[in-house]
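The values are calculated or read from the model by the stated rules, or taken from the named source; none is laboratory data. Just so you know, these numbers come straight off a predicted model, no measurement behind them. Note: ideal-geometry Cβ built from the backbone for every residue, glycine included; neighbour counts use all protein chains shown.
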Amino acid sequence: MIVSIKSILGHATPVESTVTVQGWLRSRRSSKGGFSFLHIHDGSCFGTVQAIADGELPNYDDIIETNTGCSVTVTGTLVASQGKGQDREIQANEVIIHGLVEDPETYPISKKRHTFEYLRSVAHLRPRTNTFGAISRIRHALSAEVHGYFDRHDFCWVNTPIITASDCEGAGDLFRVSTLDQIHADNREQFADDFFGDEAFLTVSGQLNLESYACSLGKVYTFGPTFRAENSNTSRHLAEFWMIEPEIAFADLAANADLAESFLREVIQGVLRRCPDDMAFFDERYEGALIPRLTAIARDNFTRMTYTEAVNLLLESDQDFEFPVSWGADLQSEHERYITEQVIKGPVVVTDYPKETKAFYMRLNDDEKTVAAMDVLVPGVGEIVGGSQREERLAVLDERMDPRLADELWWYRDLRRYGTVPHAGFGLGLERLLLYITGMDNIRDAIPFPRVPGNANF
């Protein structure tokens, strides 16, 4: 029977079974006694299984020509191992070689340490490495935990459009979708001849559409690709990434913060439970005490403070920040990390930001200076979640909205006309959360094929 290496190493497959494994060689070494030791991985888990090929096998001369990266199918008896590091191995009675590595000397991911920058240039092969195999399995587990959390808490998954006519964030950094041969952005009339009869873009957020369903179904979420045409060549920005966005009706900012805290706690616990070997690898290789840090996040309550309290805390510190601190200015990453790492030493929910720094759809507070917005800040990263209570009052929404948007977002304004309700939600980038969970530094390593300025090669 064909079994996974995960099944073998996890003792789900009994000793003395006849098994078949399919995978790729991590290494091969041959002994003078006429045996070859094949270390095989199949992507199902972090580990490899050792198969011992006897010199009496009819294709043994071919076996000893294999090397790192070759693909094989091995059939044999699963036995207790006498060697170190693994308690099970396969006594092979058949080794089928499917694909050889043409030139081991030029194999792009030969068995040696490579820089992450180099591995990005061979993104089609990097999942065969320990690091990217592990991060791929953790990404899968995290995605499953996202859906699992919302399913357990009675949310409905809504597939919001990828093609949209609305710029939710108002930043203007959008990818245009068009069938026209040539486009002049300042001539809107010509878009009447385009496929959708107007300008259309790749979405930057599903939030506005999601609010419509929250005001009908109560608790909803979307989880899918989003796009930003920002010319940001940094370790924290991608042109294409995945967003997790829940939206809840009959909810205020406090309920929204409770949701974000509960969500982060449960999905982190889920990943730690599902991927112990992969997480142990990142704990050992990339960030010491990673697992204890995540365990604490998943266990302890988050500290909450207002933006004003955060600013006062920073002003009273003796830190020499690169970016000056003042009320009304955005908190920078260095400010967020100081609060979470030096003062609180844990996650912080910052609320009630100046209205000038936030989007039109965020609910205006009674002081008329701040809005019911929140950011969740975590050590090592800074902001990881951004959200708000949405403005449900039409008159206030219209006052804060750019008048040019009023006609375009007539349907969004309708939600305030017909049975308006307090509601709230947040957005969280899957890749940023994955960086936080693994301790990795560059967001380009948190997605299979990164899309960044000047690079869409794969």
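Residue-wise test of (1) over 29 Å from Trp327 (Cα atoms); (2) of a type outside the set (D, E, K, R); (3) in contact with a strand residue (DSSP E or B) (Cβ under 9 Å, 6 or more places away or on another chain); (4) in a loop (DSSP other than H, G, I, E, B).
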residue: Ser216; (1), (2), (3), (4): yes, yes, yes, no
residue: Met243; (1), (2), (3), (4): yes, yes, yes, no
residue: Ala251; (1), (2), (3), (4): no, yes, yes, yes
residue: Glu284; (1), (2), (3), (4): yes, no, no, no
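May I ask you to list the residues in region 74-86 that are under 35 Å from the mean Cα position of the chain (by Cα) and either surrounded by fewer than 14 Cβ atoms within 10 Å (Cβ to Cβ) or assigned to a strand (DSSP E or B) (or both)?
Val74, Gly85
When residues of region 400-421 are filtered for being modelled with pLDDT under 90 and surrounded by 14 or more Cβ atoms within 10 Å (Cβ to Cβ), how many remain?
Total satisfying the criteria: 2.
Listed residues Ala424, Ala446; which is in contact with an Asp or Glu (Cβ under 6 Å, 6 or more places away or on another chain), under 30 Å from Ile138 (Cβ atoms) and buried (at least 20 other Cβ atoms within 10 Å of the Cβ)?
Ala446
For Tyr307, indicate whether it is buried (at least 20 other Cβ atoms within 10 Å of the Cβ), hydroxyl-bearing (Ser, Thr, Tyr) and either modelled with pLDDT under 95 or touching a Ser or Thr at 6+ places or on another chain (Cβ under 8 Å) (or both).
yes
Could you tell me how many of the residues in region 38-52 are within 16 Å of Ser81 (Cα to Cα) and either out of contact with any Lys or Arg (no Cβ under 9 Å at 6 or more places or on another chain) or assigned to a loop (DSSP other than H, G, I, E, B) (or both)?
4
I'm trying to understand the selection: among the residues of region 170-221, which are under 27 Å from Val452 (Cα atoms), modelled with pLDDT under 90 and small (Gly, Ala, Ser)?
Gly170, Ala171, Gly172, Ser178, Ala185, Ala200
Whether any residue in region 257-279 is under 30 Å from Asp167 (Cβ atoms) and surrounded by fewer than 18 Cβ atoms within 10 Å (Cβ to Cβ) is what I want to check.
Within region 257-279 (the criterion being under 30 Å from Asp167 (Cβ atoms) and surrounded by fewer than 18 Cβ atoms within 10 Å (Cβ to Cβ)), the answer is yes, since at least one residue qualifies.
May I ask you to say which residue of Gly382, Gly346 is touching a Ser or Thr at 6+ places or on another chain (Cβ under 6 Å), at pLDDT below 95, in the same structural domain as Val421 (by TED's automatic domain parsing) and surrounded by 15 or more Cβ atoms within 10 Å (Cβ to Cβ)?
Gly382
Which of the residues spanning region 266-304 are modelled with pLDDT under 95 and under 28 Å from Asn256 (Cα atoms)?
Residues satisfying the conditions are Leu290, Ile291, Pro292, Arg293, Leu294, Thr295, Ala296, Ile297, Ala298, Arg299, Asp300, Asn301.
State yes or no: is His140 of a type outside the set (Ser, Thr, Tyr) and assigned to a loop (DSSP other than H, G, I, E, B)?
So His140 fails the test.
Looking only at region 351-381, filter to residues that are of a type in the set (Asp, Glu) and part of a loop (DSSP other than H, G, I, E, B); which one of those is nearest to Ala424 (Cα to Cα)?
Asp366
Scan Thr226, Thr222, Thr234 and give me the residue that is crowded, with 16+ Cβ neighbours inside 10 Å, free of Cβ contacts under 8 Å to residues at least 40 places away in the same chain and on the phi < 0 side of the Ramachandran plot.
The match here is Thr226.
Only one of Gln332, Gln389 is touching a Pro at 6+ places or on another chain (Cβ under 9 Å), surrounded by 15 or more Cβ atoms within 10 Å (Cβ to Cβ) and assigned by TED's automatic domain parsing to the domain that holds Ile437. Can you tell me which?
The conditions single out Gln389.
What is the number of the single condition among (1) more than 30 Å from Met440 (Cα to Cα); (2) touching a residue at least 60 places away in the same chain (Cβ under 8 Å); (3) in contact with a Leu (Cβ under 9 Å, 6 or more places away or on another chain) that Leu78 does not meet?
Condition (3) is where Leu78 drops out.
Going residue by residue through region 116-129, is there one that turns out to be touching an Asp or Glu at 6+ places or on another chain (Cβ under 7 Å) and modelled with pLDDT of 85 or more?
Yes: region 116-129 contains one or more residues that are touching an Asp or Glu at 6+ places or on another chain (Cβ under 7 Å) and modelled with pLDDT of 85 or more.
For region 98-119, does any single residue satisfy the condition of being basic (Lys, Arg), surrounded by fewer than 12 Cβ atoms within 10 Å (Cβ to Cβ) and either over 21 Å from the mean Cα position of the chain (by Cα) or assigned to a helix (DSSP H, G or I) (or both)?
Yes: region 98-119 contains one or more residues that are basic (Lys, Arg), surrounded by fewer than 12 Cβ atoms within 10 Å (Cβ to Cβ) and either over 21 Å from the mean Cα position of the chain (by Cα) or assigned to a helix (DSSP H, G or I) (or both).
Of Val95, Val49, which residue is out of contact with any Ser or Thr (no Cβ under 7 Å at 6 or more places or on another chain), within 22 Å of Glu284 (Cα to Cα) and surrounded by 13 or more Cβ atoms within 10 Å (Cβ to Cβ)?
Every option except Val49 fails the conditions.
Looking for whichever is outside the structural domain of Asn233 (by TED's automatic domain parsing), of a type in the set (Asp, Glu) and surrounded by fewer than 18 Cβ atoms within 10 Å (Cβ to Cβ) here; the options are Glu65, Glu89. Which one fits?
Glu65
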